[in-house]
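This report concerns only the one structure given below.
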Amino acid sequence: MKITRDLRLPVLVAPMFLVSGVEMVVAAAHAGILGAFPTPNCRTPAELDDWMNQINARVEGRPWAVNLITHSTNARLGDDLAILEKYQPAMVITALGSPAPVVARVHAYGGMVMADVPDPALAKKALAAGADGLACLATGAGGHTGHLSPFAFISAVRAFHRGPLSIGGGISDGEGVAAAIAAGADIACMGTRFLGASESLASDEYKQAVVAASIGDIVASDRVTGTTALWLRESLAAAGYLDPDTADAARDYGSANDAHRRWRDIWSAGQAVGSVRAIEPVAEIVDQLDTAFRKAAARLQS
Ligand SMILES: Cc1cc2nc3c(=O)[nH]c(=O)nc-3n(C[C@H](O)[C@H](O)[C@H](O)COP(=O)(O)O)c2cc1C
């Protein structure tokens, strides 16, 4: 995969709703990994234009990525795509829908499209729709989680796809990154590990809760958004979502205000949560990942 050749470490900081923004993407680029943010983190197209303008001005030509929701309820897709064409991020990660509406326009400026997929059947569909690569979402992932083992998922996909492949879900450290590459991925996608980064937009309370939590504090629930996601038990309980009578199963990615409230007040984190032991800068996290990755690679070689 061409883009990883220019990176210090094959790591993509996952796009995270209300968590990743300009500072995270710029810090990732300067630390030698790939940063990304989801466009709904900007309330308006004008704000998105401003964010992308700032990123391009600060990354000094290093690659970065953006995440677009291609689900039919995303009324802003057309506006976001036009802004994306203006700033030309190297990678576009599509989620919650077919990549078809964006492929030709991203290819026209020389970008690549990675489709976020939870299983091999949807992976095949995404490739048929023109995606260049697959962002495979495995079990243990924060946010809307996956359900397959990363190892079985990579093997199944590698049977029909030799192109770009990212794997995410529960990758906690540099050893996990090495395992992902050894298993056949080109890049490891890590969200939860960066939740507590100084550059993350998460509130201080959210970051402190992530630092305090361990894997046993993570609960899967589809009650908050209608799709199974992983949450910090305490915040789920505080919002009343552990009571089956308060079920709210509306699946609508267009209700931005509701969505903002849910993800802001109910905190998501994946099974890698125990690896976040302090609030620290992205550069420091990448140093730790790099050291452990190289040790693990040496162990594989010996
Ligand atoms: C708080 C949070 C918000 C997320 N928001 C999004 C999102 O807006 N779009 C998306 O495609 N994935 C989103 N994800 C999923 C991540 O992109 C990624 O797949 C996942 O974090 C990888 O697994 P890990 O958390 O175990 O590292 C989110 C994850 C978290 C933890």
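The values are calculated or read from the model by the stated rules, or taken from the named source; none is laboratory data. Values in this document were obtained by computation on a predicted structure and should not be read as measured data. A quick note on method: Cβ atoms are made from the backbone with ideal geometry, for glycine too, and the neighbour counts reach across all protein chains shown. Accessible surface is based on the protein model in full, side chains and every heavy atom, while ligands, DNA and RNA are left aside. Shrake-Rupley method; radii C 1.70, N 1.55, O 1.52, S 1.80 Å.
The Cα atoms of the range 135-240 cover 44, 30, 22 Å along the three principal axes, with the biggest extent listed first. Using a simple spin-label model with pseudo-atoms 7 Å out from Cα toward Cβ, A278 and N56 lie 3.8 nm apart. Note on the chain: helix-only mean residue ellipticity at 222 nm, from DSSP H runs of 4+ residues weighted -39500 (n - 2.57) and normalised by residue number, equals -11500 deg cm²/dmol. For the chain, the solvent-accessible area of protein heavy atoms averages 42 Å² per residue (probe radius 1.4 Å; ligands and nucleic acids excluded). The relative contact order of the chain comes to 18 percent, based on Cα pairs under 8 Å that sit 6 or more residues apart. Counting heavy atoms of the protein chains alone, D49 has an accessible area of about 40 Å² for a 1.4 Å probe. Simple spin-label estimate for D204 and R264 gives 1.8 nm between the two label positions (7 Å along the Cα-to-Cβ direction from each Cα). Using only the Cα atoms of the range 130-170, build the gyration tensor, take square roots of its eigenvalues as a ≥ b ≥ c, and label the shape rounded, prolate or oblate: rounded if a/c is under 1.5, else prolate if a/b is larger than b/c, else oblate. It comes out oblate by the Cα gyration axes.
Highest mean packing first, where packing is the average number of other Cβ atoms within 10 Å per residue, the peptides 134-146, 6-18 line up as 134-146, 6-18. With the cut-off at 1.5 for a/c, could you classify the range 35-104 from its C-alpha gyration tensor as rounded, prolate or oblate? Verdict is prolate for the range 35-104. Calculation over all alpha carbon pairs of the chain in 10 angstrom steps from 0 returns a P(r) of 6, 30, 39, 22, 3, 0 percent.
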